[in-house]
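The values are calculated or read from the model by the stated rules, or taken from the named source; none is laboratory data. These numbers come from a predicted model, not from an experiment. Note that we place each Cβ from the backbone using ideal geometry, even for glycine, and neighbour counts take in every protein chain shown. Accessible surface areas use protein heavy atoms only, side chains included; no ligands, DNA or RNA. Shrake-Rupley method; radii C 1.70, N 1.55, O 1.52, S 1.80 Å.
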Amino acid sequence: MLKVGIFGATGRVGKLLIEEILNHNHFNLSSVYVRNELQYSLPSSTMITKDFEIFLQSSDVIIDFSSPEATKALLEVALSYPKPLVIGTTGLDNDIQHLLENASHTMPILYATNMSKGVAMLNKIGALVAATLKESDIEICEIHHRYKKDAPSGTALSLAQSCAKARNLKLSDVRISGRNGNIGERSANEIGVMSLRGGDVAGRHTIGFYLDGEYLELTHNATSRLTFAKGALDMAKWIVEQKNGLYGIEDALEI
Ligand code: NAD
């Protein structure tokens, strides 16, 4: 049985991960990291702790859905107590991404801004269309629930990154997030990445390729947050078999 530790246990995704682990007997909920108080009870065999070292050492693999600051703190301690990691937290800045890369020299890490298999396919197909329909204008639009903190979503940025790479462009040079006022015409290389927020939407991402006379829109809808929890658990099973290094969901799916 795979011993799984959950970081971000009181969060929306963290709670679903715990439910999913407790409902399946091929996983063991070995440890949960809790900053303040846990509002529900867990099996007595589960280590509930706010000590990073104990948390890391109690499990075969750690799944993190927390916040950028929390992920940073986890990675810093994991450098001394390495453990296979599955990281789903989004909004990581360049410094934390750098830390993630460094840490992956001493432990296997899977980082995915979206743990759904459908989005992994959207990334792949989006890059293909971006490279093929070279003259199309690319606009990405995402909507998420009202509680989401980072914008644009990590997924939208990953999709934009795939499209930019497919066109040999640097995303930071071409990304436009938000338009307002008399801003002039759209430039050819621009990649628009726009965010909407509202209700309880688990996540919808559309990549649009706009040409003269036609357009193609590719949309992924997450109809339940459970998709991310199930995907992360699949990735946990995979990452424990890997050598040190930084992986994406596309490596696990071999796409
Ligand atoms: P949430 O706000 O409901 O939960 C966040 C959790 O992290 C809570 O348990 C909170 O206590 C904990 N946390 C926050 N700051 C902390 C700190 N400094 N130290 C320790 N713990 C801390 O958020 P959520 O909706 O569950 O999402 C969590 C993260 O996962 C976000 O970054 C979100 O964008 C991302 N996410 C990723 C995917 C994916 O598929 N990769 C899917 C959904 C959400």
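Some notes on this structure:
- Overall form of the range 1-70 per C-alpha gyration tensor (a/c, 1.5; a/b vs b/c): rounded
- Listed residues Tyr81, Tyr147, Tyr33 arranged by accessible area, highest first, probe 1.4 Å: Tyr147, Tyr81, Tyr33
- Cα Rg over Rh - the range 25-126, Kirkwood: 0.99
- Surface accessible to a 1.4 Å probe, Phe65 within the full protein complex, Å²: 30 Å²
- The spacing between the range 143-216 and the range 218-240, judged by their C-alpha centroids, is 22 Å.
- Efficiency of FRET between Gln242 and Glu185 - r from beta-carbon atoms, R0 35 angstrom, step 0.05: 0.15
- Accessible surface of the range 117-222, 1.4 Å probe, proportion on carbon and sulfur as whole %: 50 percent
- The range 117-222 - share of DSSP beta bridges that are antiparallel (%, nearest 5): 60 percent
- Under Stokes-Einstein, with the Kirkwood radius over Cα pairs as Rh, the value for the chain at 37 °C and 0.692 mPa s is 171 µm²/s.
- Protein heavy-atom accessible surface, 1.4 Å probe, per residue over the chain: 51 Å².
- Peptides 175-185, 159-169 ranked from most to least packed give 159-169, 175-185, packing being the mean of other C-beta atoms within 10 angstrom over each peptide's residues.
- Figure note: Phe209, Phe228 ranked by solvent-accessible area, largest first, 1.4 Å probe, ligands and nucleic acids not counted: Phe228, Phe209.
- Over the chain, DSSP H runs of length four or greater, each weighted -39,500 (n - 2.57), average out per residue to a 222 nm ellipticity of -10500 deg cm²/dmol.
- In Hz, Karplus ³J(HN,Hα) per residue of the range 82-91 (6.51, -1.76, 1.60; θ = phi - 60°; x = Gly, Pro): x, 7, x, 10, 10, 10, x, 5, 10, x
- Size of the range 117-222 as Cα extents on the principal axes (Å, biggest first): 37, 36, 27
- Accessible area in the full protein assembly, largest first, 1.4 Å probe, for Ser45, Ser116: Ser45, Ser116
- Between Ile176 and Ser44, the modelled labels are 6.3 nm apart [label points 7 Å from Cα along Cα→Cβ].
- Peptides 91-98, 50-57 ordered by packing proxy, namely the average of other Cβ atoms within 10 Å per residue, highest first: 50-57, 91-98.
- Loop trypsin sites (Lys or Arg not before Pro), the range 202-255, which have at most 10 other Cβ atoms in a 10 Å radius of their Cβ (DSSP): Lys243
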